[in-house]
1. Can you work out which of the residues in the stretch 75-112 that are of a type in the set (S, T, N, Q) and in a strand (DSSP E or B) is modelled with the highest pLDDT?
2. Please go through the stretch 39-50 and pick out each residue that is farther than 11 Å from F11 by Cβ and assigned to a helix (DSSP H, G or I).
3. Is it true that F97 is under 16 Å from H8 (Cα atoms), touching a helix residue (DSSP H, G or I) at 6+ places or on another chain (Cβ under 6 Å) and not basic (K, R)?
4. Does L50 meet the test of being closer than 12 Å to F97 by Cα and aliphatic (A, V, I, L, M)?
5. For residues in the stretch 13-54 being touching a Lys or Arg at 6+ places or on another chain (Cβ under 8 Å) and surrounded by 18 or more Cβ atoms within 10 Å (Cβ to Cβ), which is farthest from V91 (Cα to Cα)?
6. Criterion first (part of a helix (DSSP H, G or I) and either at pLDDT 95 or above or not β-branched (V, I, T) (or both)) does N18 satisfy it?
7. I'd like the full set of residues that are touching a Pro at 6+ places or on another chain (Cβ under 7 Å) and either loosely packed, with under 15 Cβ neighbours inside 10 Å or not small (G, A, S) (or both), limited to the stretch 62-88.
8. Which residues, taken from the stretch 51-74, are part of a strand (DSSP E or B), over 12 Å from the mean Cα position of the chain (by Cα) and free of Cβ contacts under 8 Å to residues at least 40 places away in the same chain?
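The values are calculated or read from the model by the stated rules, or taken from the named source; none is laboratory data. Just so it is clear, the model here is predicted, and its values are computed rather than measured. Cβ atoms come from the backbone with ideal geometry, glycine included; neighbour counts cover every protein chain shown.
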Amino acid sequence: MVDAPYFHVVFTVPSELNPLIYANKRLLYTLLYRASADTLSTLAKDKRYLNASIGFMSILHTWGEALNFHPHIHSVVLGGGLTKDLKFKTVKGNFLFPFEIVFIPSFYQPRLQYKGT
């Protein structure tokens, strides 16, 4: 087991897109998985942030607490990764990426939350 923090990341989409997603589930669920994975991997590999390849697992939830259609991806992300020279590098601080980078209005908006070590 790696001695590093982990993070819970949630990727959501605006509710206005729900009818489109509902009518094209296979395609748009696949795109949501790919977009969330690409976002995590790209930010982690960026030299300004972690500069490493991270590991994570993701799951699709299609319903919200009120049993309404609410597609979103939950990811559990290891708070560190392998550098190009195969050394493990741990994130510094309580956030996976700087708050300003992930909390921006966009097509979907990831929310990062520190969960401990």
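1. S75
2. Result: S41, T42, L43, A44, K45.
3. Here the answer is yes, as F97 does meet what is asked.
4. yes
5. Within the stretch 13-54, the match that is farthest from V91 (Cα to Cα) is A52.
6. yes
7. Result: T62, single match.
8. If the condition is that a residue be part of a strand (DSSP E or B), over 12 Å from the mean Cα position of the chain (by Cα) and free of Cβ contacts under 8 Å to residues at least 40 places away in the same chain, then S53, H61, T62, W63 are the ones that fit.
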